[in-house]
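The structure under discussion appears below in the form of C-alpha cells.
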Amino acid sequence: MDVKTAIEKRRSVRKYQEDKEVSDADIIEIVEAGRTAPSWKNLQPWRFIIVRSQELREEVADCLIHPNPAKKSVKTASALIVLVGVPEEGATHQGKPFWMLDCGIAGQQMVLRAVELGLGTVWVSLLDSPRMAKVLGLPDGMECLGVFPLGYPLPDIESKKRTPRKDMSETTYLENYAKPLKA
C-alpha cells in the first residue's frame, strides 16, 4: 500500500474484532514507524510503551478524562501503544515546544503503518497525564501524549465514508492569506 492510499483509508477506529489478536511482529512494525520519525535536531524525544495485559489496559482506560468515547476501545483493543514525550530531551524554540510536534509526527507515522498492516487505531489524548505516568511507572518530567489502541477493525469500518473536510479554498492560500487556492 502506498502512503496516499494509507492516508485515504485511515479512519478513527474504536471498535475491533475481539477474536483476532494483533501479533507482536505487527506491534513492533508500528513502533518502528514511530521510532524512525524525523525530529528536530534528531533529538527523538519520545518513548513507546506497549500494553498487552487486560488489567493494565483497564487502568489506562481509567486515566481517560470523562466523557471519552475511546474508553471502551482502550479496554477491548488487542494491545495499546502509549506515546510518551520527554520534554527535557526535546527542544523549545521561540516558546514553541517542538518536542510535542516531534512526538506528533511519530504518532501519525504509527497510525499510517497500522493502516498499512490492516489494523485500526485512533489517537486517544483526552487523558490525565500525571495519573497515567503513575500507572505506567514513568520518571518525573515525562508526559503521556496519546494512547493508540490496536485491533482489527470490524468489517463495516472499511465502508464508512470519510468525515467531511473543509474545502481547500478555506484552508490553503497562494502566496498570501488574501489569495485562497482554488483547486
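Annotations for the structure displayed:
- Any hit, segment 146-169, residues being of a type in the set (F, W, Y), within 22 Å of S39 (Cα to Cα) and surrounded by 11 or more Cβ atoms within 10 Å (Cβ to Cβ): yes
- Unmet requirement for L138, which otherwise passes all of (1) touching a strand residue (DSSP E or B) at 6+ places or on another chain (Cβ under 8 Å); (2) exposed (fewer than 12 other Cβ atoms within 10 Å of the Cβ); (3) touching a residue at least 40 places away in the same chain (Cβ under 8 Å): (2)
- Tally of residues being aliphatic (A, V, I, L, M) and under 13 Å from V124 (Cα atoms) across segment 45-99: 12
- Each residue in segment 36-76 was checked for being under 19 Å from D128 (Cβ atoms) and assigned to a loop (DSSP other than H, G, I, E, B), and 7 of them qualify.
- Qualifying residue in segment 8-19 (condition: among the aliphatic types (A, V, I, L, M) and more than 13 Å from the chain's Cα centre (by Cα)): no
- Of the listed requirements (1) within 24 Å of G118 (Cα to Cα); (2) in contact with a strand residue (DSSP E or B) (Cβ under 9 Å, 6 or more places away or on another chain), D19 misses just one: (2).
- Considering only residues in segment 77-120 that are of a type in the set (G, A, S) and assigned to a strand (DSSP E or B), the one that is nearest to V13 (Cα to Cα) turns out to be G120.
Where a number appears in this text, it was derived from the coordinates with a stated rule and is not lab data. In this text the structure is predicted, and so the values were computed from the model without any measurement. All Cβ positions, even for glycine, are placed from backbone atoms using ideal geometry, and neighbour counts span all protein chains on display.
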